[in-house]
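Working notes for the structure below.
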Number of protein chains: 2
Amino acid sequence: MPATRGSKPASSSRPRDAGGVRLVYDFLREQILSKSLVTGDRLPPERDLAAQLGVSRPVLREALRALAMIGAVEIRHGAGTVLRRPDAAALGDFFSFAMLQDAPVAEDVMQARIAVECQAARLACARATATDFTTLRAAVEAIEGTVGEVEAGARADHAFHSALVQAGHSPVLAALYATLTEPLYRTHVFRRGTTPSTDEFKAYVIDDHKRILTALVERNVERLDAVLRRHFVIGDEFREQAIQREILSMWSA
Amino acid sequence: MPATRGSKPASSSRPRDAGGVRLVYDFLREQILSKSLVTGDRLPPERDLAAQLGVSRPVLREALRALAMIGAVEIRHGAGTVLRRPDAAALGDFFSFAMLQDAPVAEDVMQARIAVECQAARLACARATATDFTTLRAAVEAIEGTVGEVEAGARADHAFHSALVQAGHSPVLAALYATLTEPLYRTHVFRRGTTPSTDEFKAYVIDDHKRILTALVERNVERLDAVLRRHFVIGDEFREQAIQREILSMWSA
DNA sequence: CATCTTGAGAGGTATGACCAATTCGTCTAT
DNA sequence: ATAGACGAATTGGTCATACCTCTCAAGATG
């Protein structure tokens, strides 16, 4: 085993990684920095890379698994390990482990969801692309076609709101949003809570989604924010009661 | 090796983790969710935990190393492995690998911070108590007394904003805020970035914090939102540039 | 040309042994 | 009685070896 360098911890909030693991991190960093490796490149096979670095394969695997956790590499069984460019979409476990330790209540989760979605919507006014608009229009159409159905309606609703967040082109907000909302849309009761029962209410729900899209198309930040916040008020009480009983069990699945 | 469950990936941007590793993640998630394990608890020794879960020690170590990468556990040689609550300070490697490949992450974290703080501020207009107001007034006074100092000024600034978020009485928002921001205030450059240099600017910063508090006292949601958002614009570019430079040098070791 | 099969390559896992760091208990000196 | 030193036990770090499982590409067959 080669001597480790006397470098400081990778992060002031994490203890110093073991020497073998750190050597792998450092090696890969240098490879990227020197452009010897670029995003998409396949790393040498584990056995070869471990020998090259003078560490054992389990040590190399530890390091690679950790890098996979943050999306820096993608490990594919039988195919090899590829260098990836981390983005916050890879941080689902980070956010879920963080939130699991606070036992959030349903209303709070909705508030955080609102926070993230409204901020992403603001960004979307500046950043949304033609592709985003296409996606959102298709999502509105999907809502129109499924507004009275529990399963499909909830899926279409989620797709619309997720597309809106994606249009903000902020990976951290998108990752947070996914963590916060994915469990929501999986609960039966939440799905029922998003399903209007009267024709009048159905029409209103469809129109509201159109109003959101219109404000975005016009890139009107304040109107979009207002329309969206009012959108969330609708059905809030009904939804909250439904969610409370199921929210905590979902993050462990 | 026990059969793995047919669950989907923890994050949609990462391929499915290998079965053994996933089993460890799931186990720990459940332990946390059920309060069998709380932050600060020491996990069983590797040999014992591996046997308990029916995986080999190298597999357990892979999983733990990955969790250590996001700050969910702290591994100490000779002492044991402790459960930690992840916060962004643990993501040094994430940021460094991301930035080495030109991923624009710092601005995103700030956007998430803004989302959370503004939503918490909205809630605070309805929920702030007399104690909250007392805390916030003291925080403003502390800002007045330290506005030209790098360390103390940053601490006072952070205390004010944290108190504002706390006044929203939303544990999820408060936790997210802590997760996203506490590490920032630890960097020297961020602190310098929040330290006004001219008397005029100092007075403006003090007044802006007072305006925020006034809007809250009047429980004026829209004014508070507007004042706060404008507050964030000030110094944003300076801060971002400073953070990006600092992150590379500080975390890449 | 399209589809299927096979073999090589590459990741996934287990076992056992040994090394290194930390913690705790015991003994000795003051 | 207290403090410090030392050694043993505990626990993480690493290595070597063997075997299993998945993926992919090349070759064979219809």
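Things worth noting here:
- Check on A:ALA115, more than 9 Å from chain B (Cβ to nearest Cβ) and either open to solvent by 10 Å² or more (accessible area, probe 1.4 Å) or farther than 26 Å from A:ARG22 by Cβ (or both): no
- B:GLU74 facing chain A (nearest Cβ under 7 Å) and away from DNA strand C (no atom under 12 Å from the Cβ): no
- Answer from B:ARG42, B:ARG65 - the residue that is within 15 Å of DNA strand C (Cβ to nearest atom) and either open to solvent by 30 Å² or more (accessible area, probe 1.4 Å) or modelled with pLDDT under 95 (or both): B:ARG42
- The set of residues from the range B:77-86 being open to solvent by less than 40 Å² (accessible area, probe 1.4 Å) and at the interface with chain A (Cβ under 7 Å from one of its Cβ atoms) comprises just one member, B:PRO86.
- Residues being open to solvent by less than 40 Å² (accessible area, probe 1.4 Å) and either among the β-branched types (Val, Ile, Thr) or part of a helix (DSSP H, G or I) (or both) - total across the range A:28-39: 3
- Within the range B:90-100, the only residue that satisfies the criterion of being within 7 Å of chain A (Cβ to nearest Cβ) and open to solvent by 20 Å² or more (accessible area, probe 1.4 Å) is B:LEU100.
- Test: residue in the range B:11-24 that is facing chain A (nearest Cβ under 10 Å), closer than 28 Å to A:ASP26 by Cα, surrounded by 22 or more Cβ atoms within 10 Å (Cβ to Cβ) and not small (Gly, Ala, Ser): yes
- Against the conditions (1) of a type in the set (S, T, N, Q); (2) surrounded by fewer than 16 Cβ atoms within 10 Å (Cβ to Cβ); (3) away from chain A (no Cβ under 11 Å), B:THR146 satisfies every one except (2).
- The range A:45-58, subset within 11 Å of DNA strand C (Cβ to nearest atom) and open to solvent by 10 Å² or more (accessible area, probe 1.4 Å), residue nearest to the other protein chains (Cβ to nearest Cβ): A:PRO58
- Filter result (of a type in the set (A, V, I, L, M, F, W, C) and closer than 14 Å to A:LEU43 by Cβ) within the range A:80-94: A:VAL82, A:LEU83
- Total residues in the range A:119-130, condition crowded, with 24+ Cβ neighbours inside 10 Å, more than 7 Å from chain B (Cβ to nearest Cβ) and closer than 14 Å to A:ALA226 by Cα: 2
- Among the conditions (1) open to solvent by 10 Å² or more (accessible area, probe 1.4 Å); (2) over 25 Å from A:ALA18 (Cβ atoms); (3) more than 9 Å from every other protein chain (Cβ to nearest Cβ), B:GLU107 misses just one, which is (3).
- Note on the range B:129-175: residues that are under 20 Å from B:VAL205 (Cβ atoms) and either part of a helix (DSSP H, G or I) or of a type in the set (Ser, Thr, Tyr) (or both) total 28.
- If you filter the range A:27-41 down to residues that are more than 7 Å from chain B (Cβ to nearest Cβ) and under 12 Å from B:LEU100 (Cβ atoms), you find that the one that is farthest from the chain's Cα centre (by Cα) is A:SER34.
Listed here are the residues, each with its yes/no results for (1) more than 8 Å from DNA strand D (Cβ to nearest atom); (2) outside any loop (DSSP other than H, G, I, E, B); (3) not assigned by TED's automatic domain parsing to the domain that holds B:VAL38.
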{"position": "B:GLN52", "(1), (2), (3)": "yes, yes, no"}
{"position": "B:VAL55", "(1), (2), (3)": "yes, no, no"}
{"position": "B:PRO58", "(1), (2), (3)": "no, yes, no"}
{"position": "B:GLU62", "(1), (2), (3)": "yes, yes, no"}
{"position": "B:LEU67", "(1), (2), (3)": "yes, yes, no"}
{"position": "B:GLY71", "(1), (2), (3)": "yes, no, no"}
{"position": "B:ILE75", "(1), (2), (3)": "no, yes, no"}
{"position": "B:GLY78", "(1), (2), (3)": "no, no, no"}
{"position": "B:VAL82", "(1), (2), (3)": "yes, yes, no"}
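- Residues of the range B:31-64 that are within 30 Å of A:VAL55 (Cβ to Cβ) and of a type in the set (Gly, Ala, Ser): B:ALA50, B:ALA51, B:GLY54, B:SER56, B:ALA63.
The values are calculated or read from the model by the stated rules, or taken from the named source; none is laboratory data. These figures come from a predicted structure and were not determined experimentally. No Cβ is skipped: glycine too gets one built from the backbone with ideal geometry, and neighbour counts run over all protein chains shown. These accessible areas exclude ligands, DNA and RNA; they are computed on the full protein's heavy atoms, side chains included. Shrake-Rupley method; radii C 1.70, N 1.55, O 1.52, S 1.80 Å.
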